[in-house]
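The values are calculated or read from the model by the stated rules, or taken from the named source; none is laboratory data. As the structure is a computational prediction, the values presented were derived from the model and not from experiment. Backbone-built Cβ (ideal geometry, glycine too); neighbour counts: all protein chains shown.
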Amino acid sequence: MSSTRHPARWSPHLVVRLALVAWGIAVVALWWFDTSASSVHGAGPAMTAVGRVCGLLAAYLVLVQLLLMARIPAFERAVGLDRLAAWHRGLGTNVILLIVVHILLTVWGYGLAGHHQPLAELVTVIMTYPEMWKATVGTLLFVAVGVASARAARPRISYEVWYALHLTTYLAVFLVFFHQTETGGDFVGHPVNRLLWTAMYVSVAACLVVWRLILPIAAVARHRMTVDRVVEEAPGVVSVWIRGHDLHRLGARPGQFLLWRFAARGHLVTAHPYSLSAPPTAHQLRITVKAAGDHSRAVALLRPGTPVVAEGPFGHFTAARAHRGRALLVGGGSGIGPVRALAEDLAGRGDDVVVVHRVSRPSDLALGREFEALAESSRMIVHRVIGSRRELGYDPLEARFLDAAIPDAADRDVFVCGPRGMTTTVVRALRGLGVSRDQIHTEEFDLR
């Protein structure tokens with residue numbers, strides 16, 4: 001998912017970026033202050049030195065990736081889980097490249113210094129250096145995860161397989177750590193550096209244990225959520241009503257999403273993001289899910305009484321982002337759920353709300369009656385945009401059509417949630433109509 005935020009010179013997400021960059025500079029400083037100019041004289045030592053820096057940065061960026069997805073509330077509030085996931089994905093390629101360059105330059109540098117062939121030197125390093133077999137296994141795991149995360153590979157791999165591969169990252173980090181502290185020139189004979197490096201790993205591990213394990217388990221015990229009922233809203237679309245205790249303590253707002261697990265076959269191991277499709281109450285939540293894959297299709301088969309595990313809430317797709325008293329909400333596909341919840345929240349506080357409900361067929365108008373009821377009881381107008389682009393011969397969400405239907409779009413806060421293609425079209429059209437970037441808030445369901 002991705003959200004457009006209010007730009008600011010010192011916006012929270014910029015502060016997080018600067019903090020992470022400063023941390024990276026401190027990591028490089030470990031090498032800088034412990035490396036003399038004479039030690040990098042010559043091609044071999046110079047290549048080895050650059051390889052060491054690449055290794056340090058690769059290790060640091062892996063920890064950053066783990067930290068970004070540790071569900072730390074301060075990070076989520078400042079940046080949003082959708083953007084954190086995008087940063088996490090973006091760092092993946094850099095990590096793999098740094099690992100490869102680290103290996104190539106370090107081994108080549110050793111070979112030049114010892115007058116050995118690079119391949120022979122690689123075998124020597126793996127077979128004789130302390131902890132190198134662990135580092136080799138860890139490196140292979142990193143590469144496997146990197147390949148599975150490539151843009152071309154992701155659509156061909158099921159979410160469950162992708163998730164299982166990513167779990168091996170924890171093992172890879174554990175295995176590679178010992179190679180760093182036992183053979184790294186910046187740590188052998190440097191107890192302070194070694195202590196700081198170990199503390200960095202322990203700190204990240206603590207964040208993961210607290211926010212990915214302990215607090216979710218505590219939430220399960222506190223809220224005791226179960227499936228109350230499953231209701232068909234449209235062909236391939238169901239709403240799952242979830243009952244629990246003290247659900248108001250979650251702090252969820254209409255439009256936000258949670259990561260859901262259900263104690264049923266195929267649902268417990270992996271968590272999937274589904275948004276609230278109705279304002280939450282102290283004892284009940286609702287999500288509306290469109291069948292788009294094996295997991296989402298299986299949601300329709302959930303039985304009442306099935307235990308539920310939820311992490312969150314996450315996301316900035318809420319009324320807190322609307323400041324103008326007038327809002328335009330555009331939803332399609334699975335995105336109609338958070339739009340439905342947000343529409344009621346905005347209308348309930350008296351805002352002037354326009355909803356654009358985009359579907360290909362009339363039968364796909366999930367939650368349509370609820371929108372009608374909201375329109376009758378509040379300042380809300382609902383536009384149903386029906387028909388596939390192929391049948392219509394044009395895209396009904398292009399600028400000229402939006403301008404005709406909502407001529408005051410430039411004066412509204414805009415929320416868009418749906419398939420990526422639809423979101424891209426709507427944002428492009430709105431920008432063409434003079435809607436500024438800080439008015440547009442988007443949500444996409446893609447955390448991998």
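Report yes if R340 is in the same structural domain as G421 (by TED's automatic domain parsing) and either without any contact (Cβ under 8 Å) to a residue 60 or more places away in the chain or farther than 20 Å from R326 by Cα (or both), otherwise no. It is false that R340 is in the same structural domain as G421 (by TED's automatic domain parsing) and either without any contact (Cβ under 8 Å) to a residue 60 or more places away in the chain or farther than 20 Å from R326 by Cα (or both).
So which residues in the range 251-266 are out of contact with any Phe, Trp or Tyr (no Cβ under 8 Å at 6 or more places or on another chain) and free of Cβ contacts under 8 Å to residues at least 60 places away in the same chain, if there are any at all?
Here is the first cut: in the range 251-266, the ones out of contact with any Phe, Trp or Tyr (no Cβ under 8 Å at 6 or more places or on another chain) are 251-254, 261-266.
Result: R261, F262, A263, A264, R265.
Report, by residue number, each residue of the range 234-250 that is without any contact (Cβ under 8 Å) to a residue 40 or more places away in the chain and either buried (at least 20 other Cβ atoms within 10 Å of the Cβ) or within 26 Å of the chain's Cα centre (by Cα) (or both). Steps first, answer last, please.
Of the residues in the range 234-250, the ones without any contact (Cβ under 8 Å) to a residue 40 or more places away in the chain are 245-249.
Residues satisfying the conditions are L247, H248, R249.
Checking the structure you have, find out if any residue of the range 272-291 is touching a strand residue (DSSP E or B) at 6+ places or on another chain (Cβ under 6 Å) and more than 26 Å from L367 (Cα to Cα). No, because not a single residue in the range 272-291 is touching a strand residue (DSSP E or B) at 6+ places or on another chain (Cβ under 6 Å) and more than 26 Å from L367 (Cα to Cα).
Quick one: E131 ticks every box in (1) outside the structural domain of V299 (by TED's automatic domain parsing); (2) at pLDDT 95 or above; (3) among the charged types (D, E, K, R) except a single one, so which number is it? Exception for E131: condition (2).
Just checking, does the range 300-307 include any residue being in contact with a Ser or Thr (Cβ under 9 Å, 6 or more places away or on another chain) and closer than 28 Å to A85 by Cβ?
The initial filter retains those residues of the range 300-307 that are in contact with a Ser or Thr (Cβ under 9 Å, 6 or more places away or on another chain), namely 304-307.
Retained after the next criterion (residues that are closer than 28 Å to A85 by Cβ): 306-307.
Yes, the range 300-307 contains at least one residue that is in contact with a Ser or Thr (Cβ under 9 Å, 6 or more places away or on another chain) and closer than 28 Å to A85 by Cβ.
If only residues of the range 6-58 that are more than 22 Å from L97 (Cβ to Cβ) and among the aromatic types (F, W, Y) are counted, the one that is surrounded by the fewest Cβ atoms within 10 Å (Cβ to Cβ) is W10. All of R249, R194 fail the test of being within 30 Å of G55 (Cβ to Cβ), of a type in the set (K, R) and at pLDDT below 95, apart from R194.
Of all residue pairs spaced 6 or more apart or on separate chains, those with beta-carbon atoms under 7 Å, a first member in the range 20-44 that is under 15 Å from W197 (Cα atoms) and a second member that is not in a helix (DSSP H, G or I) are L30/D186; W31/D186; D34/D186; D34/H190. Scanning the range 132-169 for residues that are β-branched (V, I, T) and more than 19 Å from the chain's Cα centre (by Cα), we see that the one that is farthest from L259 (Cα to Cα) is T136.
With respect to V330, is the statement that it is among the hydrophobic types (A, V, I, L, M, F, W, C) and farther than 19 Å from F257 by Cβ true? Steps first, please.
Details: among the hydrophobic types (A, V, I, L, M, F, W, C): yes; farther than 19 Å from F257 by Cβ: no.
Considered against the rule, which asks whether it is among the hydrophobic types (A, V, I, L, M, F, W, C) and farther than 19 Å from F257 by Cβ, V330 comes out as no.
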